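The structure appears right after this line, and notes come after that.
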Amino acid sequence: MSALNIKKGATSHSAYNLKSGYVDTVERHTLAILVENEPGTLARVIGLFAGRGYNIESLTVAETDHHGHLSRITIVTSGTPQVIEQIKAQLGRIVPVHRVNDLTVEGPSVERELALFKVAGKGDARIEAVRLADIFRANVVDSTLESFVFEVVGTSEKIDAFAELMRPLGLTEVVRTGIAALSRGT
Amino acid sequence: MTKAMTGAKMVVQALVDQGVDVVFGYPGGAVLPIYDEIFQQNHIQHVLVRHEQGAVHAAEGYARSTGKLGVALVTSGPGATNAVTGLTDALLDSIPILVLTGQVPTFMIGSDAFQEADTVGITRPCTKHNWLVKDTDDLARTIHEACHVATAGRPGPVLVDIPKDVQFATGTYTAKTGRRSHYNPQVKGDINAITDLVKALEKAKRPLFYTGGGVINSGDAATQLLRELVAATNFPITSTLMGLGCYPASGDNWLGMLGMHGLYEANMAMHDCDLMINIGARFDDRITGVVEKFSPNSKKAHIDIDPSSINKVIHVDIPIVGDIAHVLEDLLKVWKSRGRKTNAEGVSKWWDQINEWRSIDCLKFTQTGKVIKPQYALSRLEALTKKYDRYITTEVGQHQMWAAQYLGFEDPNRWMTSGGLGTMGYGTPASIGVQMAHRDSLVINVAGEASWLMNMQEMGTAMQYKLPVKQFILNNERLGMVRQWQELLHGERYSSSWSESLPDFVKLAEAFGAKGIICSDPADLDDAIMEMITYDGPVIFDCLVEKHENCFPMIPSGKAHNDMILGENADTANAIQGAGGALV
């Protein structure tokens, strides 16, 4: 049947212009959503994801333009290309949403996350923790005789890797901010 | 214009400035200041309903029959929660309504005060947008913005929650043209996409217009342009339940409604077409059935003002985001400038095929014996009322589908029904809202006895405001559609689907001070209907019909459009099989 050259992922919904984009592979997308900073806006965005069964992998939000009364929400979500398109369209429909940008497809972007790690230990483990923290350019933001709090900034993968290394050295608590992202260039 | 006034006065002033003339509502503690203002003015008429759900459905009926914004006013707590069904109904059917709710004073919010509910929280998923106003200075601007949001783009319900202290306090009134809203949906369609559609139109051998409520929401210009386009191209046209009236039922190209209980020719055309032009419809599951089997060989175009409707259910080849009237205007311009071409030969063959399907006469029925068939009742209602300036509302169920099949609509805004949400109890209050907007017209609520009982308290409203609404009840003493599904899917085990202990509808009418008519003999039906029409006041018409009539044609769940159960002598034994049984 390969001679027919039917594109992978073609659906039976339409006989024409079968887009190879409509496949069932799940993709991860980072969305930047500029919203009016008014009460209930975040609830609307989260309610949309909950109500329509979309995933939220990470969410950060803060006011970014005090004068203009605007906040920026960064959501990392996952779904098939069709679901991602629908998520963006549904977000765009929320009245206080000004703009939705898909940083994953709209050219290159940078992503950063901040995490705090509390590592408790004595002796060699304690020394090893500080040594590794130095390699990861983590800052020590608090210290007692039996613990450190490290601050790490970087991609989610870097933070995952740091967490793996700290676990055997007495990692007791972690907090992560979730991803903040910006498109590169002007 | 900026002026100092109380919040309560601002509410009335803002509504007057928005051109609102009727408000449907029910007072309570948290809206007393607003009711006090309403008492002291003559610009806005307040209609006291008997239940807050009735207020919202009445506002919907008003909005849908006029194309204007409908307004409801209710109190906090239970007043607001009773409005939730109406809000959801308006959201699913894209009806522009504004609901104003009272709220406990700002300093008591969050204290579980008497009649306190988190109204904006509860109604967030069932409004297009909502606001809690905490400062009187923001109140007028918020109401103006709410009216704009309700009517701009894809219309929908909005809610403004107003704490009682905000109503009492004095603030500065902001006039309607105060601040420009950032909410301005795109109305012009992409001209390249429109040109692509024109090219497809020119070549299509088996084209079909599939229209929906969006055409009616777009306004009279959209309806006119659609009719011009259909006449110029000679393409067949079908419509969803919500779009009935955008093309006249007497028009030559009309195939009738499509979908689960749509006409055979409409569904067969949908299945076999090679170009589907969706104008303001949303591929609802009542239309598509199983999406894998939906119109498998067609190129699909979709014109919709809401980008989220496009590719939501069915992937389309030519998406056009924009207002129907704007897009159709451009479409006609481009088509004309390219020489008004169609594949006339192909389309002519297509019509031969369609006329063959039409000859099946899928709505045929035989009225015999002494029991009225519901199809017969509606055929007679149609014959006897179609010359009138007529508006029809319905409840939800078999009678609703029969009304869609057997009544003809020549113009938009004449057919008010709960499509998306399927709200039993919608019709009676909606008929009141319609009659308030059209005092001298004939307004008929086609109902089933079970649905009708859900909001029958509104007969009191009809009496109080002398609204001569006609309640035409097809009484089969069954929840007919539920019973039909139990017959087809659940081995004829009729669990709780009969109406026991029904009231005597004639006595009930008399108790309200209305007229009651009962009819059980087909020979008496015409006279009885004429008596209903000519009576100057509200009527409850108890039409006793065949109890076990099924609503056909029907696409059973899990089946394709070309696999319908037709009417008379239908084989229903194995209609629904396998996974289809899990669908609703």
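A few notes on this one:
- In a simple Cβ point-charge model (Lys, Arg +1; Asp, Glu -1; nothing else charged), the stretch B:164-220 has a dipole of about 60 debye relative to its Cα centre.
- In straight-distance terms, cross-link reach from B:K370 covers every one of the lysines whose alpha-carbon lies under 29 Å from its own, apart from those fewer than eight places away in the same chain; here that gives B:K386, B:K387, B:K470, B:K507, B:K515, B:K547.
- For A:87-99, mean number of other protein chain Cβ atoms within 10 Å: 4
- Divided by 2.2 N^0.38 Å, where N counts the residues, the Cα radius of gyration of the protein assembly as shown comes to 1.07.
- Working ranking of peptides B:150-163, B:211-224 by packing, defined as the average number of other Cβ atoms within 10 Å per residue, highest first, is B:150-163, B:211-224.
- Only beta bridges with both residues in the protein assembly as shown are counted; by DSSP, about 45 percent of them are antiparallel.
- Listed residue (B:G346, B:T368, B:S379) projecting farthest to the positive dipole end of the stretch B:337-382, Cβ model: B:S379
- Once the C-beta distance of B:A582 and B:E492 is scaled by a Förster radius of 25 Å, the resulting FRET efficiency is 0.80 to the nearest 0.05.
- 5 angstrom amide H check on B:V71, placed H, neighbours 5+ away: B:F24, B:L98
- Surface share of carbon and sulfur [accessible, 1.4 angstrom probe, percent] for the stretch B:1-113: 54 percent
- Signed unit charges on C-beta, dipole axis of the protein assembly as shown, positive-most listed residue B:G480, B:G86, A:G47: A:G47
- Rounded to whole numbers, the Karplus 3J(HN,Hα) couplings from phi for the stretch A:54-63 are 8, 8, 10, 8, 7, 8, 10, 8, 6, 5 Hz, using 6.51 cos²θ - 1.76 cosθ + 1.60 with θ = phi - 60°, and x at Gly and Pro.
- Accessible area per residue in Å² at 1.4 Å probe, computed on the protein assembly as shown: 41 Å²
- Of the chymotrypsin sites (Phe, Trp or Tyr not before Pro) found in the stretch B:75-163, those that fall in a DSSP loop while having at most 11 other beta-carbon atoms within 10 Å are B:F114.
- Label-point gap, in nm, between B:I191 and A:D160 - each point 7 angstrom along Cα→Cβ: 4.8 nm
- For the stretch B:1-146: rounded, prolate or oblate by the Cα gyration tensor [a/c cutoff 1.5]: rounded
- Element breakdown for the stretch B:250-299 at a 1.4 angstrom probe: carbon and sulfur atoms account for 46% of the accessible area.
- Summed over both chains, the accessible area lost when A and B associate is about 2100 Å², using a 1.4 Å probe.
- Taking amide H atoms as placed 1.01 Å from N in the peptide plane, the amide H of B:H129 lies under 5 Å from those of B:L159, each 5 or more residues away in sequence or on another chain.
- Three-way shape call for the stretch B:412-472 based on the alpha-carbon gyration tensor, with the a/c threshold at 1.5: oblate
- Residues with amide H under 5 Å from that of A:L70, placed H, sequence gap 5 or more: A:N37, A:T64, A:D65
- Secondary structure note: in chain B, about 10% of the DSSP beta bridges are antiparallel.
- Chain A: angle of helix A:156-166 to the longest principal axis, Cα-based, in degrees nearest 10: 30 degrees
- Look at the stretch A:168-179: the mean tally of other chain Cβ atoms within 10 Å of its residues' Cβ atoms is 0.
- Estimated FRET transfer efficiency when R0 is 56 angstrom, pair A:S143-A:S183 (beta carbons, to 0.05): 0.90
- Tensor-based shape of chain B (alpha-carbon gyration tensor, a/c under 1.5 rounded, otherwise prolate or oblate): oblate
- For B:K9, a cut-off of 23 angstrom between C-alpha atoms picks up these lysines, skipping any fewer than 8 places away in its own chain: B:K68, B:K134, B:K164, B:K176.
- Loop exposure criterion: GluC sites (Glu not before Pro), DSSP state outside H, G, I, E and B, at most 10 other Cβ atoms within 10 Å. Applied to chain B, the longest stretch between such sites is B:1-491.
- Evaluated with a Cβ-only charge set (Lys, Arg +1; Asp, Glu -1), the protein assembly as shown carries a dipole of roughly 1620 debye about its Cα centre, given to the nearest 20.
The values are calculated or read from the model by the stated rules, or taken from the named source; none is laboratory data. Since the model is a prediction, treat every value here as computed from it, not as a measurement. Counting neighbours? That spans all protein chains shown, and the Cβs are built from the backbone with ideal geometry, glycine included. These accessible areas exclude ligands, DNA and RNA; they are computed on the full protein's heavy atoms, side chains included. Shrake-Rupley method; radii C 1.70, N 1.55, O 1.52, S 1.80 Å.
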